[in-house]
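Single-structure report; data block below.
The values are calculated or read from the model by the stated rules, or taken from the named source; none is laboratory data. What you are looking at is a predicted structure, and each value in this text was computed from that prediction instead of being measured. Glycine also receives a Cβ, built like all others from the backbone with ideal geometry; neighbour counts cover every protein chain displayed. We work out accessible area using only protein heavy atoms, side chains counted, and drop any ligands, DNA or RNA first. Shrake-Rupley method; radii C 1.70, N 1.55, O 1.52, S 1.80 Å.
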Amino acid sequence: MTWKTEEPDFEVIVIGAGVAGSVAAYQLAKQGRSVLLIERGEAPGSKNLSGGILYCNEMEKVFPDFLNQAPIERRITRNYVSFLNQDSSFAIDYQDTRLAHPVNAVTVLRAKLDAWLADQCTDTGVMVMPGVRVDAVLTETTDDGTQVVGVQAGEDKLTAHVVIAADGANSFISRAVGLRPKPKQNQMAVGVKGVISLPRRTIEDRFSLSGDQGAAFAVVGDCTQGVGGGGFCYTNLDSVSIGVVLRLDDLVAKKKAATRVFDHFLSHPLMAAYLEGGELREYGCHLVAEGGLDMVGDIHMGGLVVVGDAAGLTLNTGLTVRGMDLAVGSAIAAAKAVGTAIERQDVGAQALSVYRDLLFASTTGKDMERFARMPEFLERERLYSKYGDLLARIMHHIFNHDGTPREPAVKVAANAFSRSKVKIGQLLSDGLAGVRAL
Ligand SMILES: Cc1cc2nc3c(=O)[nH]c(=O)nc-3n(C[C@H](O)[C@H](O)[C@H](O)COP(=O)(O)OP(=O)(O)OC[C@H]3O[C@@H](n4cnc5c(N)ncnc54)[C@H](O)[C@@H]3O)c2cc1C
């Protein structure tokens, strides 16, 4: 049993007003806890960056009227998966009105979403403190081991029964207390994103959309110039979010600059046609945790729980990038565990281990387990360099009527294979690994 009888400054201190931190703070304040939410950015959201597709299910558990009240952009009903080559592309265009009833995914802009979340926190009684960077957590040694008892920001020391580290993919806080190791290079990616302004009508015409429907492109191949990762392009109401996510180890190995890869993607004829006449209104780089389940490791100790990206909770399945909904899922589990621990007056490591149990009993934890093989699958280099070319070669034979007699389909495929340098065995192995990972 670990409990300090003297009253701390706050029952809970949350570090980081991103999606995970704000949702955790909001939930705990709703339980009647005194909560301080500290954010180093001058305003919540000012330092944050996401591609921008939010799968809404978890958020609606916290804010049942989220879709009507929150600053969402478009409801995604059209998903493209595109293999991009230098002069060609091959895409699957999946459009489905069922995705709008009930709404499955929406586009968001973090500067607006995070500000809205922070407002919900303030309205519920959370003290939101922007423009303050937490430098360290305060610890004490107890019979049960090291116990986190507060935070230090500059000269200021503030105490709490529990600290929630929601400080993003780099989480210095959980590393500083020795809870989590520095991530390996192949577990991290760097994302570069721009927001390009375009008139609403232009977006709807170019992407074949109407009303508040939205489109999402997931792109592999030439968009990353051979680096492991992918590109994305999502429609907002009057802007387009576009960017690349590049595996750090491969970026370093291939000696590429992330910003150059991003410029290359934007100027690719396939993307440039969608962006023509647009104005770059936001631009930023951010780390992405990409190690999957392997990266999660320890996420609690006496007096501390770790949520969202700080806990390694991001999923890249090659088709979708998810992090925000997992951040919400972990915040829900953390708020429940922390609230119960405070109620029972025991905030030691054993009591807070309930957080892990709740997380892995939830959709968030189960999905992390479900896609555990995905990071390894996505390290297969051929995915980024050869398959797009192979598909385009086959399509070129089918659609290019050059006056010569047509060849049998088997010969067309065999020729395409031999030119693309993909072996049948490799295709089978990649296919099998892909199916297993999904
Ligand atoms: C290019 C890119 C594209 C992505 N696309 C998607 C997508 O389409 N869909 C999706 O769901 N996810 C996507 N993600 C992932 C998603 O952005 C993250 O999973 C999500 O932001 C995690 O939220 P979080 O609250 O855990 O962390 P963050 O949003 O990173 O928030 C952490 C907060 O902590 C603050 N902070 C950090 N250190 C301190 C400190 N010492 N003191 C005080 N404050 C501190 C930061 O300023 C920040 O506000 C993408 C990420 C990137 C980079």
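Based solely on its DSSP helices, what 222 nm [θ] is calculated for the chain when runs of n ≥ 4 H residues each add -39,500 (n - 2.57) and the sum is averaged over all residues, nearest 500 deg cm²/dmol?
So the helix-based figure for the chain works out to -10000 deg cm²/dmol.
Keeping all protein chains in place and using 1.4 angstrom, which order do GLU60, GLU204 fall into by accessible surface area, from largest down?
Per-residue accessible area, sorted high to low, gives GLU60, GLU204.
State, as an integer percentage, the relative contact order of the chain based on alpha-carbon contacts under 8 Å between residues 6 or more apart.
20
Taking the mean number of other Cβ atoms within 10 Å as a proxy for protection, how do you rank 163-172, 408-417 from highest to lowest?
163-172, 408-417
Under a point spin-label approximation (7 Å from Cα along Cα-to-Cβ), what is the SER210-HIS401 distance to one decimal in nm?
For SER210 paired with HIS401, the spin-label model returns 3.3 nm.
Order the following by accessible area, largest value first: GLU6, GLU73. Probe radius 1.4 Å; ligands, DNA and RNA are ignored.
Ranked list, largest accessible area first: GLU6, GLU73.
If you place +1 on the Cβ of every Lys and Arg and -1 on the Cβ of every Asp and Glu, how big does the dipole about the Cα centre of the chain come out, in debye to the nearest 20? Could you put the intermediate results ahead of the total?
On the way: 45 positive and 51 negative charges, 338 e Å.
In total the dipole reaches around 1620 debye.
Rounded to whole Å, give me the distance from the Cα center of region 287-365 to that of region 398-438.
The distance from the Cα centre of region 287-365 to that of region 398-438 comes to 43 Å.
Any chance you could run the full-extension gain for ASP156 through ASP298? It's 0.36 nm times the residue separation minus the Cα-Cα distance, nm to one decimal.
Numbers: separation 142, 0.36 × 142 = 51.12 nm, distance 2.78 nm.
Between ASP156 and ASP298, full extension yields 48.3 nm more.
Can you tell me the convex hull volume per residue for the chain, based on C-alpha atoms, in Å³ to the nearest whole number?
Dividing the Cα hull volume of the chain by its residue count gives 148 Å³.
Just the Cα atoms of region 380-437: what Rg and Dmax do they give in Å?
13.0, 43
Take the Cβ-Cβ distance between ARG260 and ASN57 as r, set R0 to 30 Å, and report the resulting FRET efficiency rounded to the nearest 0.05.
According to the calculation, E is roughly 0.25.
Counting only DSSP beta bridges with both residues in the chain, what percent are antiparallel, rounded to the nearest 5? Can you show the working numbers first?
Details: 58 of 84 bridges.
Of those bridges, close to 70 percent are antiparallel.
Dividing the alpha-carbon Rg of region 186-289 by 2.2 N^0.38 Å yields what?
For region 186-289, the normalised Cα radius of gyration comes out at 1.08.
Which Cα, out of GLY211, GLN225, LEU280, lies furthest along the positive dipole direction of region 186-289 (beta carbon charges, K/R +1, D/E -1)?
So the residue furthest toward the plus end is GLN225.
Using a 1.4 Å probe on the protein chains only, how many percent of the accessible area of region 209-310 belongs to carbon and sulfur?
Answer for region 209-310 is 52 percent, counting heavy atoms of protein chains only.
Pairs LYS254/LYS421; LYS30/LYS336; LYS193/LYS366; LYS112/LYS182: which are spaced more than 19 Å apart, C-alpha to C-alpha?
LYS254/LYS421; LYS193/LYS366; LYS112/LYS182
Which residue fluctuates most in the GNM of the chain (Cα springs below 10 Å): ALA334, ALA253, ALA70?
Greatest mean-square fluctuation among the candidates belongs to ALA253.
To the nearest 0.05, how large is the calculated FRET efficiency for LYS411 and THR5 if R₀ is 60 Å and r is the Cβ-Cβ distance? Show your work: numbers first, answer last.
Working: r = 82 Å, r/R0 = 1.37.
Between LYS411 and THR5 the formula returns 0.15.
Test of understanding: what is the full-extension gain from ASN170 to ASP143, defined as 0.36 nm times their sequence separation minus their Cα-Cα distance?
6.7 nm
Under 17 Å from a point 7 Å along the Cα-to-Cβ line of SER418: which residues of region 389-407 have their amide N that close?
Answer for region 389-407: 390, 393-394, 397, 407.
Can you tell which of ILE53, ILE424, ILE332 shows the greatest fluctuation in a Gaussian network model of the chain with Cα springs below 10 Å?
ILE424
Extension gain GLU369-GLN426, at 0.36 nm per residue separation less the Cα-Cα distance, in nm? Could the numbers behind the result be given before it?
Values: separation 57, 0.36 × 57 = 20.52 nm, distance 2.59 nm.
In short, 17.9 nm is gained.
Using modelled backbone amide H atoms (1.01 Å from N, in-plane), which distant-in-sequence or interchain residues come within less than 5 Å of THR139's amide H?
Here VAL149 satisfy the definition.
For the pair ALA433/ASN68, report the inter-label distance in nm, with labels modelled 7 Å from Cα in the Cβ direction.
Taking the two extended label points, one gets 4.9 nm.
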